[in-house]
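Take a look at the structure below.
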Amino acid sequence: MSRNTPIITALCDPDDLPPGLEHVRARATLHLATNAEALAQHLPASDILLVTDFRTDALAQNWHLADKLQWIHATSAGVDQILFDALRASAVTVTNARGFFDRAIAEYVLGVSLAFAKDTRGNIAYQNKRQWCHRDTEIIDNKRVLIVGAGSICHEIGALCRAAGMQVDGVARSARAGEDVFDHIHATDDLHTHLPHADYVVIAAPLTAGTRGLFDDTAFAAMQPSARLVNVGRGPIVHTDALLRALDDGLIAGAALDVYEQEPLPAEHPLWQRDDVLMSAHMAGDFIGWREALIDQFLENFSRWQQDQPLASVVNK
């Protein structure tokens with residue numbers, strides 16, 4: 001039996017309202033909250049909260065007002081910003097966009113790996129100088145990639161890397177037998193043991209107490225000098241100052257960063273000036289049409305909710 005028309009509040013960045021909200025409004029009473037004050041006004045009556053601004057702390061500020069809330073959907077794969085202790089302890093169901101960004105992020109990882117191997121940055125620099133500079137470059141066939149994380153994004157990254165001929169290992173909270181695209185899955189506690197064997201180290205793990213600051217001076221010292229780091233997970237997993245020291249001291253050969261400890265990254269930050277760093281603006285998973293598709297994904301889950309069916313992509317809080 002269908003539920004009565006619910007009240008949905010969308011917690012959105014005022015500068016980035018997602019297209020497609022009119023389709024939500026056609027099926028429910030919809031309120032927009034673009035700041036903490038607006039959320040405080042609408043949250044007490046809300047049955048569902050649609051979070052499209054994953055950087056906000058407005059929900060934590062107003063959690064005491066969530067009297068009727070049954071379900072929170074985050075239009076992001078990472079939910080670390082909204083998983084505060086009171087929400088974890090509550091009966092409110094949390095879902096996310098698990099699986100939605102997997103292919104795009106995997107293509108990004110393969111792309112930057114090839115960019116390093118083929119010295120794409122050097123090619124662009126020589127082209128800009130109209131300078132002919134023939135040189136030999138690397139191949140990625142049979143290179144070893146260590147993927148920190150073992151979720152769906154990590155599996156898709158591993159699948160593309162393996163299709164390109166790379167050897168793929170994973171890192172998870174506990175070790176287990178290799179599966180699917182992974183030759184081996186190692187425990188996070190053993191990370192430093194396996195870093196020396198990796199040509200590419202890809203961070204695609206969520207931000208947790210166990211992963212925050214995981215890549216510090218000790219981790220970089222364990223990597224081989226020819227290795228490259230790729231971070232498409234969360235910025236605080238990497239100590240930025242430790243990364244800069246590792247690059248300066250030649251402990252690693254380069255880094256591709258899509259996420260940072262501070263976002264947006266200030267214009268004066270030293271990372272911008274480095275030739276051994278490839279940078280993008282937290283966009284590895286964003287493809288043309290992704291905003292509309294995220295709302296479609298929410299509406300599919302909303303149909304399940306209306307029919308009292310199990311929700312898809314439920315987060316283990």
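A few remarks follow.
- Among the residues of region 95-113, just one is under 16 Å from Ser280 (Cα atoms) and of a type in the set (Asp, Glu), namely Glu107.
- Selection from region 31-73 of residues that are in a loop (DSSP other than H, G, I, E, B) and within 13 Å of Cys12 (Cα to Cα): Thr34, Asn35, Thr52, Asp53, Phe54, Arg55, Thr56, Asp57
- Tally of residues being part of a loop (DSSP other than H, G, I, E, B) and among the hydroxyl-bearing types (Ser, Thr, Tyr) across region 173-230: 4
- The set of residues in region 11-58 that are free of Cβ contacts under 8 Å to residues at least 24 places away in the same chain, under 15 Å from Leu69 (Cα atoms) and either among the basic types (Lys, Arg) or surrounded by fewer than 18 Cβ atoms within 10 Å (Cβ to Cβ) (or both) contains only Gln41.
- Hits in region 68-123 (condition: within 30 Å of Ala253 (Cβ to Cβ) and charged (D, E, K, R)): Asp80, Asp102, Arg103, Glu107, Lys118, Asp119, Arg121
- Residue ranges of helices (runs of 4 or more DSSP H) in region 84-133 with at least 2 members out of contact with any Leu (no Cβ under 6 Å at 6 or more places or on another chain), in contact (Cβ under 8 Å) with a residue 40 or more places away in the chain and of a type in the set (D, E, K, R): 102-117
- Every listed requirement among (1) in contact (Cβ under 8 Å) with a residue 40 or more places away in the chain; (2) over 17 Å from the mean Cα position of the chain (by Cα); (3) buried (at least 21 other Cβ atoms within 10 Å of the Cβ) is met by Val230 save one, (2).
Matching residues to (1) modelled with pLDDT of 95 or more; (2) in contact with an Asp or Glu (Cβ under 8 Å, 6 or more places away or on another chain):
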| site | (1), (2) |
| --- | --- |
| Lys143 | yes, yes |
| Gly149 | no, no |
| Ala163 | yes, no |
| Asp180 | no, no |
| His184 | yes, yes |
| Leu195 | yes, no |
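- If the condition is being small (Gly, Ala, Ser), part of a loop (DSSP other than H, G, I, E, B) and touching a residue at least 60 places away in the same chain (Cβ under 8 Å), then region 278-297 contributes Ser280, Ala284, Gly285.
- Looking only at region 75-102, and only at residues there that are among the hydrophobic types (A, V, I, L, M, F, W, C) and modelled with pLDDT of 95 or more, the one that is surrounded by the fewest Cβ atoms within 10 Å (Cβ to Cβ): Ala91
- Single residue of region 254-277 satisfying the filter (under 16 Å from Ile203 (Cβ atoms) and in contact (Cβ under 8 Å) with a residue 40 or more places away in the chain) that is surrounded by the fewest Cβ atoms within 10 Å (Cβ to Cβ): Glu263
- Looking across Ile185, Ile203, one residue alone is aliphatic (A, V, I, L, M), touching a residue at least 12 places away in the same chain (Cβ under 8 Å), in the same structural domain as Asn142 (by TED's automatic domain parsing) and touching a helix residue (DSSP H, G or I) at 6+ places or on another chain (Cβ under 6 Å). It is Ile203.
- So Arg245, is it outside any helix (DSSP H, G or I), at pLDDT 95 or above and of a type in the set (Lys, Arg): no
- Screening Asp141 with (1) out of contact with any Phe, Trp or Tyr (no Cβ under 7 Å at 6 or more places or on another chain); (2) under 23 Å from Arg304 (Cβ atoms); (3) touching a residue at least 24 places away in the same chain (Cβ under 8 Å) gives one miss only, at (2).
The values are calculated or read from the model by the stated rules, or taken from the named source; none is laboratory data. Everything numeric here is computed off the predicted structure, so don't read it as measured data. Note: ideal-geometry Cβ built from the backbone for every residue, glycine included; neighbour counts use all protein chains shown.
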